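A.B. asks: Below is a structure I'd like to ask you about.
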Amino acid sequence: MHTDLVAALDIGGTKIAGALVDGHGRIQARAQRATPAREDGDTVMGAVEAVLAELTASPLWGRATAVGIGSAGPVDASAGTVSPVNVPGWRDYPLVRRVRAATGGLPVELIGDGVAITAAEHWQGAARGHDNALCMVVSTGVGGGLVLGGRLHPGPTGNAGHIGHISVDLDGDPCPCGARGCVERIASGPNIARRALEGGWVPGPDGDTS
């Protein structure tokens with residue numbers, strides 16, 4: 001049997017996506033669910049488990065050797081827990097333990113989603129061939145990751161480069177993280193739309209503000 005695939009999970013405030021990925025970065029199977037971000041922690045985990053159940057049902061699952069998780073942060077990679085600002089039901093949530101249990105004991109690696117996208121960009125994308133890079137993700141939240149000296153630099157907890165909760169306006173809007181004027185509060189997708197609406201922007205006929 002070939003054992004050449006990794007299961008990948010991307011957990012954000014809007015969606016939870018999963019895939020089986022080969023050693024060349026090609027997606028061989030995928031699954032997705034909406035994130036019930038305003039529900040309790042176990043309900044959110046139920047959506048993660050639904051994605052994993054779809055992947056484990058794939059005939060390719062037997063080739064998977066590990067699970068990699070990129071989660072909205074902050075995360076604590078050393079403890080295997082997550083506390084995403086935009087998923088309030090998860091505070092110090094034992095995500096690694098729960099995912100390991102749902103996948104039959106496979107090894108599980110956790111990093112922040114910004115660090116995960118940085119690893120991907122350095123391997124296959126815009127940062128390929130560069131020794132130093134800051135890569136950003138702008139979605140429901142704002143995250144980031146660092147490549148320093150040609151190597152991914154996640155930091156001791158997996159949050160290095162996570163610039164979304166750096167305050168750039170000390171008198172700015174309050175952020176759910178407890179600070180004011182965070183980059184995420186200004187520049188995430190939902191907050192760009194919010195600020196545009198406050199400034200008089202009128203959505204198109206479909207009313208989409210995402």
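The values are calculated or read from the model by the stated rules, or taken from the named source; none is laboratory data. None of the values given here were measured: they were computed from a predicted structure. Virtual Cβ from ideal backbone geometry, glycine too; neighbours counted across all protein chains shown.
A.B. asks: Go over the candidates Ala77, Ala50, Ala29, Ala34 one by one and state the one that is surrounded by 17 or more Cβ atoms within 10 Å (Cβ to Cβ) and without any contact (Cβ under 8 Å) to a residue 40 or more places away in the chain.
C.D. replies: When all the criteria are applied, what remains is Ala29.
A.B. asks: Then there is this: Given Glu49, Glu39, which one is over 25 Å from Gly178 (Cβ atoms) and of a type in the set (D, E, K, R)?
C.D. replies: None of the other options fit; the residue is Glu49.
A.B. asks: Considering every residue within the stretch 88-100, establish whether at least one is at positive phi and free of Cβ contacts under 8 Å to residues at least 12 places away in the same chain.
C.D. replies: No, the conditions are met nowhere in the stretch 88-100.
A.B. asks: I've got another one for you. For the subset of the stretch 78-130 comprising residues that are touching a strand residue (DSSP E or B) at 6+ places or on another chain (Cβ under 8 Å) and aromatic (Phe, Trp, Tyr), which member is nearest to Pro156 (Cα to Cα)?
C.D. replies: So the residue we want is Tyr93.
A.B. asks: Output the residues belonging to the stretch 5-47 that are among the hydroxyl-bearing types (Ser, Thr, Tyr) and either touching a Pro at 6+ places or on another chain (Cβ under 8 Å) or at positive phi (or both).
C.D. replies: Selection gives Thr43 alone.
A.B. asks: Here's a check for you: in the stretch 4-35, which residue that is touching a Gly at 6+ places or on another chain (Cβ under 8 Å) and assigned to a loop (DSSP other than H, G, I, E, B) is farthest from Asn191 (Cα to Cα)?
C.D. replies: Asp4
A.B. asks: Additional query: Considering each of Gly189, Gly181 in turn, give the residue that is within 28 Å of Gly89 (Cβ to Cβ), in contact with a Gly (Cβ under 6 Å, 6 or more places away or on another chain) and not assigned by TED's automatic domain parsing to the domain that holds Trp90.
C.D. replies: Gly181
A.B. asks: Is it fair to say Gly164 is outside the structural domain of Thr14 (by TED's automatic domain parsing) and in contact with a helix residue (DSSP H, G or I) (Cβ under 6 Å, 6 or more places away or on another chain)?
C.D. replies: Yes, satisfied.
A.B. asks: Could you tell me whether Ala17 is within 14 Å of the chain's Cα centre (by Cα) and not acidic (Asp, Glu)?
C.D. replies: Considered against the rule, which asks whether it is within 14 Å of the chain's Cα centre (by Cα) and not acidic (Asp, Glu), Ala17 comes out as yes.
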